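Worksheet for the structure shown next.
Where a number appears in this text, it was derived from the coordinates with a stated rule and is not lab data. Everything numeric in this text was worked out from a predicted model, so none of it was measured. Note that we place each Cβ from the backbone using ideal geometry, even for glycine, and neighbour counts take in every protein chain shown.
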Amino acid sequence: MHGLLKLAWVEAKIYLRQPEAFFFTLVFPLLLLFLFGGIFGNKPHPLFGGRGTVDVSTPAYMALIIGSTGLISISIAVSGYREKGILRRYRATPLRPATILAAQVLVHYVMSLAGACLLVAAARLLFGLRFSGRMESVFAGFTLSCLSFFAAGFLLASLARNTRSAYILGMVIYFPNIFLSGATFPREIFPPVIRTISEALPITHVVSLLQGLWIGNPWSRHLTEVLVLVGILAAGVIISARVFRWE
Amino acid sequence: MTAAIRVEDLRKVYSSLTAVDGISFDVAAGEIFGVVGPNGAGKTTTIECLEGLRTPDGGSVRLWNLDPARDGRIVRERIGVQLQNSALPEDIRVWEALDLFSSYYRHPVPWGPLLERLGIAEKRRSAYAHLSGGEKQRLSIALALINDPDLVFLDELTTGLDPQARRSMWDLVRDIRRRGRTVFLTTHFMEEAEQLCDRVLVMDRGRIVALDSPENLVRTLGGETQVLFTVDGKCDLGRLEILPGVKRVAASGGRVTVTGSGDRLVALIVNALDAEGVNFRDLRSEHPNLEDVFLAVTGEVMRD
């Protein structure tokens, strides 16, 4: 346990020294909030069932954070560590191999959570964000979504031959996901065709789960989303466990 | 001497390539033991089987009667490892790396004095990415010594370093042994093996081609010594040709080259010249080195 916390602590410091990971997790969602919040404000609107743009967007931007952390940060971090022989070096110590991976999950989870808290605080202070759900439900939904997308990130790192291909693979999956899922633009404004495509994207389920929990929907109304996310989690873990390479 | 390492009939096969093909050897505690050979000889595969990073396909590997593949955690508490082609995260600071690796072991040594000893104390706040090649190697040795290991593995320690940095690495390795530790290293620099090692295992294409002290290898396999000198005036070369151990005598102008073998070659030649009353000067002898041994046993020139 001591080994895990120490490694996670050092990894967290390293994480914060890397501008790109820092930007996508902590800064970019804030910029989107300032931009779209600034343009549309947070006045209640019939399109959003009497809620404002910021009320709907804030949980969606959380999905954005989860997507970039899982699909880009984790897969690049893990495949980069493999490529440079860092995983190999760690494995030559008494540290358990699982601890090395657990530290990555822990650090990225804490960073995502920090990004989400920052986002909520800014939305509340600047745009009077409204919340009508239950804290623990949103927290649980956020955590499930993180684990699911982190598993997908490990899967990408396992499949990618090197850091470069992990990066390209991550980007190719990430961008359609964030633009077409409602993570950046509300899905309510999409034409029907795009909505259909949107339904097929994994991150759409994170967006609708978090938006639903945010306004206080019961879990029973989001069984599809939960099933999809648990499915991704299981597939990610099972396939990664089989194909993951340490070097 | 107790054996720190015992390898019996070790084999490792990668799909179609047999990287290590049934090798056996022991390493005594307190020894500096070197494995030399060209790239692809199987050096790194061998060291990685000893470190427990790879599982052998055949034979057995024991470190103090422990199997590194099965008793990995106990073994790794007691060994220090410097890996070839291995790095640390670019943004990690030197002190953080040491602090982190300390936490992996049950009985770490204080890392402050370790940094002093390795001459990188003033770099403790530097990021890994900003270290020079030599400093990175020093840090990797510091990390390999953080648990005060009984046995230290150094894989291609000085590859990529300039000659001066290489020499100071050698001093560090000698220092490790002076402290009573066993060192197992691989290198493709013959000079390094000759300078450092008590015993050298010459490997080629996954097999052992020779195993002995550098001096013995050179004596038994290295071939011939050349004795060169200049004579003023006349000299009867026939007298030299019949000396025991002499193979060839050649002269061009006043410069004479005698080729032969045997520990007493130089003495015999000098005595013979004196007995003849020959005026000679600038006498020197050129001894074979491990490079020649390697050529003799493998028929190949070492590829750098």
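Odds and ends about this structure:
- With Cα atoms as the point set, segment B:224-287 shows a radius of gyration and Dmax of 10.3, 28 Å.
- For the protein assembly as shown, the equivalent ellipsoid built from the Cα gyration tensor has semi-axes of 67, 22, 21 Å, listed from largest to smallest.
- Gaussian network model of chain A, springs between alpha carbon atoms under 10 Å - residue of A:143, A:25, A:93 with greatest fluctuation: A:93
- Toward the positive end of the charge dipole of segment A:32-153, with +1 on the Cβ of Lys and Arg and -1 on the Cβ of Asp and Glu, the farthest Cα among A:47, A:139, A:77 is that of A:77.
- Quick note on segment B:186-304: its Rg to Rh ratio, both from C-alpha atoms and Rh being the Kirkwood radius, is 1.08.
- With bins 10 Å wide beginning at 0, the percent of Cα pairs of segment A:141-247 falling in each bin runs 14, 41, 32, 11, 1.
- Using only Cα coordinates, the Kirkwood hydrodynamic radius of segment A:73-141 works out to 14.8 Å.
- Lys/Arg +1, Asp/Glu -1 at C-beta; segment B:3-219 dipole; positive extreme among B:182, B:108, B:72: B:108
- Distance in nm between pseudo-label sites at residue A:215 and residue A:161 (7 Å out along the Cβ direction from Cα): 4.7
- The count of lysine pairs in the protein assembly as shown that are at least 8 places apart or cross chains, and whose C-alpha atoms lie under 23 Å apart, stands at 13.
- Long-range amide H partners of residue B:209 with built H, under 5 Å: B:202, B:203, B:204
- Distance between modelled label sites at residue B:29 and residue A:102, nm, 7 Å Cα→Cβ extension: 3.4
- Modelled spin labels at residue B:167 and residue A:242, positioned 7 Å past Cα toward Cβ, are 5.7 nm from each other.
- Within segment B:3-219, all pairs of alpha-carbon atoms sorted by distance into 5 Å bins from zero give the percentages 1, 7, 15, 19, 20, 16, 12, 6, 2, 0.
- Mean-position separation - Cα centroids, segment B:137-207 and segment B:58-99, in angstrom: 15
- Neighbouring Cβ atoms from other chains, within 10 Å of the Cβ of residues in A:14-23, number 2 on average.
- The length gained by stretching the chain between residue A:168 and residue A:197 to full extension, at 0.36 nm per residue less their Cα-Cα distance, is 8.3 nm.
- Choice from B:267, B:97, B:41 with maximal GNM fluctuation in chain B (Cα, 10 Å cutoff): B:267
- Expressed per residue, the C-alpha convex hull volume of segment A:38-94 stands at 114 Å³.
- The ellipsoid that matches the Cα gyration tensor of segment A:2-243 has semi-axes, each √(5λ) in whole angstrom, of 32, 19, 16, with the longest given first.
- The magnitude of the dipole of the protein assembly as shown, with charges of +1 and -1 set on the Cβ of Lys/Arg and Asp/Glu and taken from the Cα centre, is near 2080 debye.
- Gaussian network model of chain B, springs between alpha carbon atoms under 10 Å - residue of B:291, B:116, B:77 with greatest fluctuation: B:116
- For the pair residue B:270 and residue B:60, a Förster radius of 56 Å applied to the C-beta separation gives a FRET efficiency near 0.60, rounded to the nearest 0.05.
- Charging the Cβ of each Asp and Glu at -1 and of each Lys and Arg at +1, and nothing else, the dipole of segment B:95-189 about its Cα centre rounds to 220 debye.
- With R₀ set to 30 Å, the beta-carbon distance separating residue B:109 from residue B:2 gives a calculated FRET efficiency near 0.80.
- Computed from the C-beta positions of residue B:213 and residue A:110 and an R0 of 56 Å, the FRET efficiency is 0.50 to the nearest 0.05.
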